[in-house]
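What follows is one structure encoded as structure tokens, with my remarks underneath.
The values are calculated or read from the model by the stated rules, or taken from the named source; none is laboratory data. All values derive from a computational prediction rather than experimental measurement. We place every Cβ from the backbone using ideal geometry, glycine too, and count neighbours over all the protein chains shown.
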Amino acid sequence: MPVSIGRRGLVLGGGAALAMPTMARAAWQARPITLVHGFGGGGTADGVARILAEGLSSRLGLTVVVEARPGAGGTIAARGVAKSSAPNGHTLILLTGGHTVVAAMYKALPYNTLEDFTYVGLSGFGGPFVLFVARDSAFQTPADVIVHARANPGTLTYGSSGIGTTGHLTMELFVSRTGLDVLHVPYRDSAQPAIDLSTKRLDLLIANLGSVKALVDAGDIRPIGVSSLDRFVDLPEAHTFAEDGVASFDVTTYYGIAGPRGLPDDIVVDINRAVAGIMADPQAVARLRSLFTYPLTSTPQDFSTRIASEVASWTEVVRLARVERI
């Protein structure tokens, strides 16, 4: 099972306690930092990146700009940082949990997930994936879906934001653990499948809450389940998969900052401490909260360990669920 940090784990990591950096700050401050992410502008990841960039700018005393490089499940952005950026602290990347998913899904990547990055630290908890149905669907809980799908194999469809995304593999894990036969309908984002769900072209949708919140608020689609071990604070009525019969099911997503391999230790320490400061700032936390993101930090070592653990776990999910690799 992929490792995840649930609500009870939302505590500041050890970054705030690390020693002061020793590098000459004047040399570092002479150039801006570019914080890259692999998703579209205006999305949740972009919003989180901009909040972090503002906080890093004020705490590090230099300019931090955000650059979106969407495409190929985030691998375009990751390749650019891993292979085309000098390890001088001026190019960083904001990663999501999907970074380890693509390592499991892609037959070949243009970088080594474990060796070509310096993992600075976690920088936000993104919550669980949510199972949605149309407004007047008969399904009220994940247990209802399981009962119906077992009685009617091959009749239910579910949409996701694409093949090999974290949402897709989360649902495939759910399907494999319950022995269900449902049809995956991949899209390029979460917006269109949410619309198709509301018009009953789909039976189910797996997505992050933030990506479809407008349709939830309008009452066009309903959340019935979450992939976290504990119920989600923003959807307290939605059952967890675990409580509806899929024991120990716990998949959540997160944000984390990394740089190219060989990033100097003093830069890592400085950025890690700055992120800890952002996560302790009530104004920054409130802005993140509006994006359904919550305070979360870690030490660099803990982040690196988590990456390795999740690559192994998702690789096993792909194998057991017999998902065709890309």
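Within region 78-89, restricting attention to residues that are modelled with pLDDT under 95 and on the phi < 0 side of the Ramachandran plot, the residue that is surrounded by the fewest Cβ atoms within 10 Å (Cβ to Cβ) is SER84. Can we say ALA103 is under 20 Å from THR166 (Cβ atoms), surrounded by 21 or more Cβ atoms within 10 Å (Cβ to Cβ) and touching a Ser or Thr at 6+ places or on another chain (Cβ under 6 Å)? Yes, satisfied.
Matching residues to (1) of a type outside the set (Val, Ile, Thr); (2) within 20 Å of the chain's Cα centre (by Cα); (3) buried (at least 19 other Cβ atoms within 10 Å of the Cβ); (4) closer than 25 Å to TRP314 by Cβ:
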position	(1), (2), (3), (4)
LYS200	yes, no, no, no
LYS213	yes, yes, no, no
LEU229	yes, yes, yes, yes
PRO236	yes, no, no, no
ALA247	yes, no, no, yes
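Would you be able to say whether some residue in region 199-207 is β-branched (Val, Ile, Thr), part of a loop (DSSP other than H, G, I, E, B), more than 16 Å from VAL130 (Cβ to Cβ) and out of contact with any Lys or Arg (no Cβ under 7 Å at 6 or more places or on another chain)? Don't jump to the end; show me each part of the working.
Of the residues in region 199-207, the ones β-branched (Val, Ile, Thr) are 199, 206.
Subset that is part of a loop (DSSP other than H, G, I, E, B): 199.
Filter once more, keeping what is more than 16 Å from VAL130 (Cβ to Cβ): 199.
This time we only want the ones that are out of contact with any Lys or Arg (no Cβ under 7 Å at 6 or more places or on another chain), so: 199.
Yes: region 199-207 contains one or more residues that are β-branched (Val, Ile, Thr), part of a loop (DSSP other than H, G, I, E, B), more than 16 Å from VAL130 (Cβ to Cβ) and out of contact with any Lys or Arg (no Cβ under 7 Å at 6 or more places or on another chain).
The number of residues in region 38-68 being among the charged types (D, E, K, R) and in contact with a Phe, Trp or Tyr (Cβ under 9 Å, 6 or more places away or on another chain) comes to 1.
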